[in-house]
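Novice: One structure follows; several queries about it will come next.
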Amino acid sequence: MLLVNPTKKINGTVYAPPSKSYTHRAVICAGLANGTSKIIQPLKSQDCISSLNAMKALGSTIDIKKSNDDELENEVWTISSDGNLKVPKNVIDIGNSGTTLRILTSLVSQIPHNSIAILNGDESIRKRPMGPLIEALSQLNIEVLSNDNKAPLVVKSSKIDGNIVKITGDMSSQFISSLMMLLPFNTQDSKILIEGDLKSEPYLNITIDLLDKFGVSIKKDEINNINNINKKNKTNKKENAYLIKANQTYKATDYIVEGDYSSASYLIALGVLLDSDITIKNLFKDSKQGDKEIINIVKRMGADLEIRDDEVIIKNSKFKLKGIDIDVKNTPDLVPTLAVLGCFAEGTTTIYNGEHVRIKECDRLMACTKELKKMGAKIEEKPDGLIIQGLDIDNGETLKGAELETYHDHRLIMAFTMAGMLAKGQTKIKGEEAVSISFPNFVDVIKSIGGNIAIE
């Protein structure tokens, strides 16, 4: 259990943890490449270790050494492969990592012919929907056996048969990333057609960026759909598609992992909510991460930040935030952070376009509403988001300490820690250990900048 007490001021210099999204993809790409790759400064989290162990089970050789940079205390993962996936000897246990499950569901179909691979994980993973990806793979003659389209999954090895695959874009970008990483092995040029609204597109940009670094090219295409012509104004509705050339091979490379804006969002939010003087390093101004949007969001709310090429500086004493409307179509992982920010912003904060936030580690819309209400938040759950009435800070209103459930969700633990640091009285947060999924040293980092928190 994490004990969080009121904190008035934070200061210091910290490093944003390496990106979870980039680490996952780099590890898997390295295991698909012929040769030796070095993943430098990876995120050493439970989820990323799941990807590392999965590639080892599929035939890669892994060597882990400490980085020479003592300040960062990071590792170098050296991954060697002959470019061919092997038949796993046992069930591949992907723990709590949805990214590992979804990407590998496609890729393990490329193990030697007449073989199977079985993917399974913890209780939470066995609740995560996989139907859209399983159906998409069936269009390519790849068979995945399951109960109710959820893990455990049995994937039969198969040659890719087909060159056009359709998949919904409004549920999880990880399904599409999975297809992107599979289809370079096709013997004919392929096209992924996105049906419906495309959400979380920045994660697809991350996938394309990483694939490019490992020698694989994917192009986005926009199609004028004549069946969706708006008869009133004669305009065509654009449909999203991705084009993948045939017979591509992954090339071994050395890759340095950039900092993670999703994890840094808690530090940025604390910086604008508390009296602060903090510098957050390893955040790149030109990053393709969608959660970089946290910078624009807090600026829109009234904060002032200094943005440099590779760091963010916040000096606050303190900003008066105002509520705004926030579309989370492309930034679902920011929702817990934004929910807490909304509690301390004057007026109404409306978070919308976030139906897909319900199928993360837990239903985050439900969880944020239920738990923050325990602290006195004025928050209302909507089908696709949240409506938050800011507290009257000027007249002494604030959140109150409470005992909170976190549903084994790392992002809820970190967001609720923020809330507890600003609340009156002590907040007790259950399940602290889940932060290891994305930000293993979260507690130490918060303490290092003055956060009054402790593990019981």
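Novice: List pairs: first in the range 276-292 and within 13 Å of residue 263 (Cβ to Cβ), second surrounded by 18 or more Cβ atoms within 10 Å (Cβ to Cβ) and of a type in the set (S, T, N, Q), Cβ under 8 Å, 6+ apart or cross-chain?
Specialist: 289/19; 289/21; 289/262; 291/262; 291/265; 291/331
Novice: Would you mind listing the strands (runs of 3 or more DSSP E) fully within the range 260-354 where at least 2 residues are out of contact with any Ser or Thr (no Cβ under 7 Å at 6 or more places or on another chain) and of a type in the set (Ser, Thr, Tyr)?
Specialist: 348-352
Novice: I'm checking my understanding of the structure. Among residues of the range 80-111 that are over 23 Å from the mean Cα position of the chain (by Cα) and surrounded by 17 or more Cβ atoms within 10 Å (Cβ to Cβ), which one is nearest to residue 131 (Cα to Cα)?
Specialist: Of everything passing the filter in the range 80-111, 109 is nearest to residue 131 (Cα to Cα).
Novice: Do the conditions hold for residue 132, that is, is it assigned to a helix (DSSP H, G or I), out of contact with any Cys (no Cβ under 6 Å at 6 or more places or on another chain), of a type outside the set (Lys, Arg) and more than 23 Å from residue 214 (Cα to Cα)? Before you say what the answer is, go through the steps one by one.
Specialist: On the way: assigned to a helix (DSSP H, G or I): yes; out of contact with any Cys (no Cβ under 6 Å at 6 or more places or on another chain): yes; of a type outside the set (Lys, Arg): yes; more than 23 Å from residue 214 (Cα to Cα): yes.
Judged against the criteria, residue 132 is a match.
Novice: If I filter the range 138-157 for residues that are of a type in the set (A, V, I, L, M), in a helix (DSSP H, G or I) and over 18 Å from the mean Cα position of the chain (by Cα), do I get at least one hit?
Specialist: Within the range 138-157, not a single residue is of a type in the set (A, V, I, L, M), in a helix (DSSP H, G or I) and over 18 Å from the mean Cα position of the chain (by Cα).
Novice: Here is a list: 81, 45, 51, 97. Which entry is of a type in the set (Ser, Thr, Tyr), more than 24 Å from residue 433 (Cα to Cα) and assigned by TED's automatic domain parsing to the domain that holds residue 142?
Specialist: Within the list 81, 45, 51, 97, the selection yields 81.
Novice: Right, here's the next one. As an exercise: evaluate residue 403 against (1) of a type in the set (Asp, Glu); (2) surrounded by fewer than 23 Cβ atoms within 10 Å (Cβ to Cβ); (3) within 21 Å of residue 17 (Cα to Cα) and give the number of the one condition it does not meet.
Specialist: Checking residue 403 against (1) of a type in the set (Asp, Glu); (2) surrounded by fewer than 23 Cβ atoms within 10 Å (Cβ to Cβ); (3) within 21 Å of residue 17 (Cα to Cα), the one that fails is (3).
Novice: Which pairs have Cβ atoms under 7 Å, sit 6 or more apart or on different chains, and link a residue in the range 419-443 that is within 20 Å of residue 361 (Cβ to Cβ) to one that is assigned to a loop (DSSP other than H, G, I, E, B) and among the hydroxyl-bearing types (Ser, Thr, Tyr)?
Specialist: 429/406; 430/406; 431/406; 434/406; 436/45; 437/45; 438/45; 440/45
Novice: Can I ask one more? Do we have any residue at all in the range 301-323 that's under 14 Å from the mean Cα position of the chain (by Cα) and under 30 Å from residue 363 (Cβ atoms)?
Specialist: Filtering the range 301-323 down to residues under 14 Å from the mean Cα position of the chain (by Cα) leaves none.
No - not one qualifying residue is present in the range 301-323.
Novice: Ok, one more. Tally up the residues in the range 432-451 that are crowded, with 16+ Cβ neighbours inside 10 Å, over 20 Å from the mean Cα position of the chain (by Cα) and not β-branched (Val, Ile, Thr), please.
Specialist: 2
The values are calculated or read from the model by the stated rules, or taken from the named source; none is laboratory data. None of the values given here were measured: they were computed from a predicted structure. All Cβ positions, even for glycine, are placed from backbone atoms using ideal geometry, and neighbour counts span all protein chains on display.
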